[in-house]
Amino acid sequence: MHPAELVIWLLVFLLGASVSSFLNVVAYRLPKGESFVYPSSHCPHCQRPLRPLDLIPVASWLWNRGQCRYCKARIHLRYLLVEIIGGAGFVWIYNEIDGAGSLILAVSLFCILLTVTLTDLSYRLIPNRILYPAYVYFYILMLLFSERTWWEPLAGFLFGGGVLLAVAMIAERFYAQAMGGGDIKLMALVGLVLGIKQTLLCLFFSSLLGAVIGLVLIALRILKRQEGLPYGPFISLAAWIIFLYGQAIMQGYMQLYV
């Protein structure tokens, strides 16, 4: 690989890590009704404002060995992992997506899925304050940068939310609450972006991922049988895979029967 390409990869990684660091702040503060702009980034233990050297993605956490530079309190590993995931995600997008419109759509989807994953893992909540503006924003993006007609994203929206709503109502009728309203609203957003066919794939893959990971966690005794897992992260991961490779997966599946 040419050295110039490595430099570009590094710059893209740092951009993604910086963006994901900000999204981590949004995911931590927004569900609590706090501003994610003010106050500026600070140590959650001693409340001391962080300086630019403390905010270098990945490097600052590693250099300070996962501790606050001032009070030496432990800084959660989550901060490092989110920055690495964000950086790797941006590099992934850079390598997979061509065209300015597709790039804007991919980056936007990655960021929203990462944010709702963090809120669901932290609070078992996918805030309406994130989803409702996202509906309008992504509908506009679909009109601008996709080849779909004006009604196709709306049909996907209704299908994605409607299917999961029906599943939730049936499960609640015979068993107990199977999922929260945030999961249903998130799947509606996924349907808006992916369309009906690929949303079906997302439903299948998210259910499969949830079942497999749940069984593994139970086998490792990390999760009890009675405990539930937040479904939002599985929807997000499945949606991201289908967004990038849904067409290839569908074509490969069809070729099995040709």
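The values are calculated or read from the model by the stated rules, or taken from the named source; none is laboratory data. On a predicted model such as this, the values are computed, not experimentally measured, just so you know. As a convention, Cβ positions derive from the backbone with ideal geometry for all residues, glycine included, and neighbour counts pool all protein chains shown.
For this structure, a couple of remarks:
- Residue among Gly89, Gly101 that is under 30 Å from Met187 (Cα atoms) and surrounded by 15 or more Cβ atoms within 10 Å (Cβ to Cβ): Gly89
- Residues in region 66-92 that are of a type in the set (Val, Ile, Thr) and free of Cβ contacts under 8 Å to residues at least 60 places away in the same chain: Ile75 only.
- From the list Ile213, Ile222, Ile218, the one residue that fits, being under 15 Å from Asp120 (Cβ atoms) and at pLDDT below 95, is Ile213.
- Total residues in region 81-112, condition among the aliphatic types (A, V, I, L, M) and within 25 Å of Ser60 (Cβ to Cβ): 8
- Test: residue in region 144-156 that is over 23 Å from Gly101 (Cβ atoms), exposed (fewer than 14 other Cβ atoms within 10 Å of the Cβ), polar (S, T, N, Q) and over 19 Å from the mean Cα position of the chain (by Cα): no
- Scanning region 19-37 for residues that are of a type in the set (S, T, N, Q) and within 16 Å of Leu80 (Cα to Cα) yields Ser20, Ser21, Asn24.
- Checking Val136 against (1) at pLDDT 95 or above; (2) aliphatic (A, V, I, L, M); (3) surrounded by 15 or more Cβ atoms within 10 Å (Cβ to Cβ), the condition it does not meet: (3)
- Output for region 148-207, where each listed residue is hydrophobic (A, V, I, L, M, F, W, C) and out of contact with any helix residue (DSSP H, G or I) (no Cβ under 9 Å at 6 or more places or on another chain): Trp151, Ala166, Met169, Ile170, Ala171, Phe174, Ala176
- Residues of region 205-258 satisfying the condition of being part of a loop (DSSP other than H, G, I, E, B) and aliphatic (A, V, I, L, M): Leu220, Ile222, Leu223, Leu229, Leu256, Val258
- Looking across Lys185, Lys197, one residue alone is basic (Lys, Arg), touching a residue at least 12 places away in the same chain (Cβ under 8 Å), surrounded by 15 or more Cβ atoms within 10 Å (Cβ to Cβ) and part of a helix (DSSP H, G or I). It is Lys185.
- Test: residue in region 4-13 that is closer than 29 Å to Gly182 by Cβ and surrounded by 13 or more Cβ atoms within 10 Å (Cβ to Cβ): no
- Every listed requirement among (1) exposed (fewer than 15 other Cβ atoms within 10 Å of the Cβ); (2) within 30 Å of Ile104 (Cα to Cα) is met by Glu172 save one, (2).
- Hits in region 33-77 (condition: surrounded by fewer than 16 Cβ atoms within 10 Å (Cβ to Cβ), assigned to a helix (DSSP H, G or I), at pLDDT 85 or above and not aliphatic (A, V, I, L, M)): Trp63
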